[in-house]
1. Given axes a ≥ b ≥ c from the Cα gyration tensor, I'd like to know whether chain A is rounded (a/c under 1.5), prolate (a/b larger than b/c) or oblate.
2. With θ taken as phi - 60° and the coefficients 6.51, -1.76 and 1.60, list the Karplus ³J(HN,Hα) couplings across the stretch A:161-170 in order, rounded to whole Hz; mark glycine and proline as x.
3. Once a ≥ b ≥ c are taken as the square roots of the eigenvalues of the Cα gyration tensor of the stretch A:1-133, is the result rounded (a/c under 1.5), prolate (a/b larger than b/c) or oblate (a/b not larger than b/c)?
4. Restricting to bridges with both residues inside the stretch B:118-243, how much of the DSSP beta-bridge set is antiparallel, in percent to the nearest 5?
5. Helix-only mean residue ellipticity at 222 nm, the protein assembly as shown, DSSP H runs n ≥ 4 weighted -39,500 (n - 2.57), per residue, nearest 500. What is it?
6. With +1 assigned to the C-beta of every Lys and Arg and -1 to the C-beta of every Asp and Glu, and no other charges, what is the dipole magnitude of the stretch A:194-262 about the Cα centre in debye, to the nearest 20?
7. Using the alpha-carbon centroid of each, what span in Å lies between the stretch A:204-265 and the stretch A:138-183?
8. Round to the nearest 0.05 the FRET efficiency obtained for A:LEU263 and A:ARG10 when R0 = 45 Å and r is the Cβ-Cβ distance.
Amino acid sequence: MKRSIRRGERAESVIEAAIRVSGVASIVLVLLIFVFVLREGLPLFREYSFVKFLTERGWQPTLSPPTGPWFGLLPNLWGSFLVTAGAVVLAVPLAVGAAVCLAEVAPRGLRDLLKPSIELLATVPSVAIGFVGAAAINPLVKDLFNLDTGKSALAGSIMLAFMAIPTIVTISDDALSAVPKTFRDGSLALGATKWQGISRVVFPAAGPGIIAAIMLGIGRAIGETMVVIMVTGNAGVLPDKGLWHAFTHSVRTITGTIGAEALEVGYGDAHYRALFMLGVVLFLITFALNFVADLALNRRGRRALQ
Amino acid sequence: MRAKSIRFLAVAATAAVVLAGCSSSKQDGGAGSGDKRTLIVKGSDTMVQLAQAWAEEFMKKHPDIMVTVTGGGSNTGIAALMNNGTDICNSSRAIKEEELASAKQKGIDVQEFVVAQDALSVVVHPDNPISELTLAQLKDIYTGKITNWSAVGGPDQRIVLNSRETSSGTYVFFQEHVLGKGVPFADNTMLQPATSQIVQTVAQDKGGIGYVGLGYVTDKVKSLRLKKDDASPAVEGTIENVLNGAYPLARPLYEYTAGAPSGVAQQWLDWVRGPEGQEIVKRLDFVPIK
């Protein structure tokens, strides 16, 4: 008897240690990746000035000296920002609306049909989505807004929104469904209408989950590579004629640049290092996004408990 | 990139079939160990389809030889040649002085062979009334000095610039032969990941312009006649005009070896430059060597 308890304790401590190791392992892994990317990227500044990396307005890595090469962070950063922001603006209202509809409004039969179909969207490979974008969305955007070419940040945003929507819908729906039924009953009992109940009771209660869903959606959008390479045109331009002009013209994203050039670059040369520095910047952005999301989640969570 | 790896898989699969097919009929490879002899061909993306077509025919003729073809770009190929990563390097540009120098330092005597020729067509939307440009006009268009078709006698329509990605040999060739060394592209030049994307974009956009290999022109776009300068005649991009040297945007395609080729590599180079290899060059819309 005593022995079996001791054996149980021993087994438990082994399992505990294993769990602790796997928990720490993911942190170590992320750190190792970051250190590796940084180590490959930083030597860039031995042959290319840090200030130029931050201020150069062009990206032309094969331009011969003395004019080039140009390794400008700005056009890449701007492109990533514009395409992602556009995708968020397009995707969030649609996706959160769809989630509310699924969780609160749709009858059971409709919900059972809609949810799997929306989740199916997430399984479409990104090359296929990029192909559809290049063949169908580019000409559509061009004709709709009377542009010279449909290859634009806008087309990229539309395709990325399309890719982020399933993630946001599914996780928001889970968050909404997790709100206890008593909340809804309570608000109805107090004489609130169904809409008042959704907007003032259920929705705020599911808030942190919905924010997490949106953050994951943004994460998917900013990291996407194949689609943006195929539909945004990849011209590294900085805006000079206003936001709408920039949005309806070609941009070059960080992921697009890395995706198009990383496999073909000479190992260890300045171009190779510059691509890794872009990787460092991308890493810092996603890290900051996650950190902010975490902060928001915690604060909201604590307030809801009080 | 994915298309490339699919093509690579296809080659690997054919290679596997060939391998399985001749495993029973053990051939004597001379003084060798009896193993299948292999040849690795690597480099230019422009040449990858051509090299694969060569490899298929060559392996049919020589079932005891296994040829592996991969792309990656001319730069990748030349780097691989220096590091003993390939037997034959495909390159759509001539090797640079610096590269030759660093090869010499490593004790590698790089040998150059012209195996085919390539010509770039400048394409526009089929509705565009422009039918010819001088190289100087082309340069002004791609550096952003000219931004409207009306400046070269066309309609009042903004020009939409298309180019290949910076890693492409075609990009480097165009930059050096049209813009000039060290002259940047206009910053609103769109860099397309594949030639097919350039054709697609130019076919969609009325103001579009792009450059593609001679073999990639389809009837959805219009190919322009080019003039070396104002005085010279406008020349259509055809095989004859590349061969007689009249077409201004043509280039040789190379294969390089580290040291004088011997054995399988020698066999390959002789065959590729012979009548059978050059027939395949024509079939894939490249231009044969004289």
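1. oblate
2. 4, 4, 7, 7, 4, x, 4, 5, 4, 4
3. Oblate, because a/c is 1.5 or more while a/b does not exceed b/c.
4. 55 percent
5. -17000 deg cm²/dmol
6. The calculated dipole for the stretch A:194-262 is roughly 360 debye.
7. Comparing the Cα centres of the stretch A:204-265 and the stretch A:138-183, I get a distance of 13 Å.
8. After rounding, the FRET efficiency stands at 0.35.
The values are calculated or read from the model by the stated rules, or taken from the named source; none is laboratory data. Owing to the predicted nature of the structure, the values given are computational and were not obtained by experimental measurement. Heads up, the Cβs are rebuilt from the backbone with ideal geometry, glycines too, and the neighbour counts pull from every protein chain shown. The protein model used for the area step is the full one, side chains on, heavy atoms only, and it has no ligands, DNA or RNA in it. Shrake-Rupley method; radii C 1.70, N 1.55, O 1.52, S 1.80 Å.
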